[in-house]
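Have a look at the structure below, then the notes.
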Amino acid sequence: MEKLFGSGGGVIYKPVEDLDLTPDSGEIYVGADVKVITAVDVSCISSNGWVGDQDFYLGFGVEAIRFDASLHFKEGKSDSQGNGSIDIALTTYSSCIKLPYNRLRLLQFITYAELKEPPVFVPSHPCDGIFYIPSSKSSRSPSRRLVLSRMKFIVSLVLNAPKSQMKMVSYSPGTLADHREQEVKSIQTGLSPPDQVQLAAKCLPPSTEATENTRQGFRRWTIQDYSRAYSSGETTPTKVAERFLAAVNESSMHPLNMSFFINYNSEEILKQAAEATRRYEKGEPISILDGVPIAIKDEIDCLPYPTTGGTKRLHKLRPCTEDACCVERLKSCGAVIVGKTNMHELGVGTSGINPHYGKVKLKQFISMILESVFDDLYRAARNPYDPSKISGGSSSGSAAVVSAGLCPVALGVDGGGSVRMPAALCGVVGFKPTFERVPHSGVLPLNWTVGMVGVLASTVEDSLIVYAAISGQLSSNPTALLPTVDLPLLNKSNFISKVKMAKYREWFNDCNNGIRECCDKALDKLCSHYGWETVEVTIPEIEVMRLAHYTTIGSECTTALSSYMKKLKTKELGWDARVALRVYRSFSSKEYLMAQRIRSRQMHTYKEIFKKADVIVSPTTGYQIAGNFLGLPAVTVPVGYDKLGMPIGLQLIGKPWSESTLIRMSFALQELCSSSNRKPKVFYDLLGKA
């Protein structure tokens, strides 16, 4: 960004086309100016306290009051800078304290900034090269018609038949952008979710119990393991459901207090499992997902459960009347939906701590001043690798149940890294598709233009299967011009060649040494084993985009919830949700519009970077918002552990609609790093093979 400031005090941005993206450019890297207080033990924290790993909060309208007392708090670097695990932080607020520096950053970088780019309100990536061809029934003499796409890609084709006798063909941007991913299966329009899952299953590498047993390192049971065990009669969905319920009950009790779920129904789970068992007994399973336990984040509608959004009362104001599209598709494949997972209240934080669901006994009061703060028990979906640490958020419970072996897959919602961050912290795969790839119907409208249903899974293969089940446009919206869903052939031995991975050194290295070394080692493995290449680039204005994203998600959240918030009492929300909503309401329409102009700049910048590389790589927990703000697909894969034994994830951000390439690359990464996988401290073997 330019160093000059305009008369209004805002930054004067140079035209986006003039930005230098080369590694030695003069663009200034501005990191997030955030510090948190870290504590060792989650049980020290109050339900009315606040968790400081969400870097946004310290920067807007309130300032932390820091306590030392006997809880041994210490200064620490925010996980927004790339740490592999997040400890719990205690912070309380005073609304009368002076605005700290980050508010000034918002004013300088967004509110009063001067730039020429127009706003982009939705991070859509229209499918280029869509055209019609005559169906085989047409016998008319064709005429020529040109269709001009947004990328100036001109398709010349013969067309004169009426549309009723035509079929639509869409060329995915993977083809148009000259991706090297050629070995794919395309899901044709009109296939049912079970058919799409069957197609995905044919893309998987050969897997038998014998071959899986030869793998080094710890591994969780996969969808294929469940399906194989059911088909062989080794176990049944009913037995798995019974083990699941016993495990959830045990994990919810002292001393574990894992708080995985907000809601689950034993009778409903056993009913679904019994139906799946009968289908296997008849030799008629619906799909490879039949009888497989899958959990749903409590931000997604799923009957017979209410959708609380992690709150006490929102579900009473917004009743759940039908399944979300993604849940309906999973049920049609025979999946056993095992309940609604815990989450950060309203998705407004990245810790996953929730003041309403779960139970943890407080150790002590700090002082008489804080007695009113510590008036409840504190709740958190705990990390299976260390129950004294959080699992990340906001899809905390979904990541934790997969990590602990209770489900091979769970659904989350990713509005600012809320799938990828907890996946990385819990040592599992987290996958967020391109904006609009998965229908958003039936999801709480907390983030209209930045949120996307995502998949948390034991393996990349499992994420592929569930992605195939839930992706594709709604039948009620057949006119949407989206590219075909391509599934990579993971059963082929040859991997993509000549892959270029963009790496912004300043951003990549903005983390502790252990994280950086682990992620660098993973990149070195990819380069040495597959011949891939790391390309050094500069990604300008990262901090500017963070502020613009927060302005966007905050404005959209308060607008969407405005009718409900009038009926919710403030005391019914946790402190961090109260603070976040107060900050959200402070954003003006001008700031929202300016944020969308920043989005326009960033979409242009990333388009230029993707001309140099196939993906962008970074430590996962350091920075996720490009995937949300710009609608890009992204995935995190576990690649190692820090000195405390907590998982570290490496993130790959792809071009629009490049899911097939991204999944294939993440599978290659998984194959190189899985031998170092470690078993969590809290783990359950639902197949009874351990």
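Subtracting the Cα-Cα distance from 0.36 nm times the residue separation, let me have the gained length for Ser441 to Leu4 in nm, one decimal.
Result for the pair: 152.9 nm of gain on full extension.
Compute the convex hull volume of the Cα atoms of the range 206-327, divide it by the residue count, and report the result per residue in Å³ as a whole number.
Hull volume over Cα atoms, normalised by residue count, gives 145 Å³.
What accessible area per residue comes out for the range 620-690, rounded to a whole number of Å², with a 1.4 Å probe?
Value for the range 620-690: 25 Å² per residue.
Using amide H atoms built 1.01 Å from N in the peptide plane, name the residues 5+ places from Glu114, or on other chains, whose amide H lies under 5 Å from its own.
Amide H neighbours of Glu114: Val11, Ile12, Tyr13.
For the range 490-613, treating each Cα as an identical point scatterer without solvent, what Debye log10 I(q)/I(0) comes out at q = 0.13, 0.16 1/Å?
Rounded to two decimals, the profile gives -0.78, -0.92.
When you count, for each residue, the other Cβ atoms within 10 Å and take the mean per peptide, how do 11-20, 102-111 rank with the highest first?
The packing order, highest mean first, is 102-111, 11-20.
Pull out a ≥ b ≥ c, the square roots of the eigenvalues of the alpha-carbon gyration tensor of the range 419-464, then state rounded if a/c is under 1.5, prolate if not and a/b is larger than b/c, and oblate in the remaining case.
The shape class here is prolate.
Given a 1.4 Å probe, how much area per residue of the range 280-349 is accessible, in Å²?
On a per-residue basis, the range 280-349 sits at 29 Å².
When the accessible area of the range 388-468 is computed with all protein chains present and a 1.4 Å probe, what percentage of it is carbon and sulfur?
Answer for the range 388-468: carbon and sulfur cover 60 percent of the accessible area.
Report, in listed order, any pair from Lys492/Lys611; Lys202/Lys503; Lys389/Lys432; Lys521/Lys612 with a Cα-Cα distance greater than 29 Å.
Lys202/Lys503
In square angstrom, what is the accessible area per residue of the range 487-539 with a 1.4 angstrom probe?
Accessible area per residue: 46 Å².
The values are calculated or read from the model by the stated rules, or taken from the named source; none is laboratory data. Predicted model only: the values in this text are computed from it and were never measured. Backbone-built Cβ (ideal geometry, glycine too); neighbour counts: all protein chains shown. Heads up: the accessible areas ignore ligands, DNA and RNA and are worked out on the full protein's heavy atoms, side chains in. Shrake-Rupley method; radii C 1.70, N 1.55, O 1.52, S 1.80 Å.
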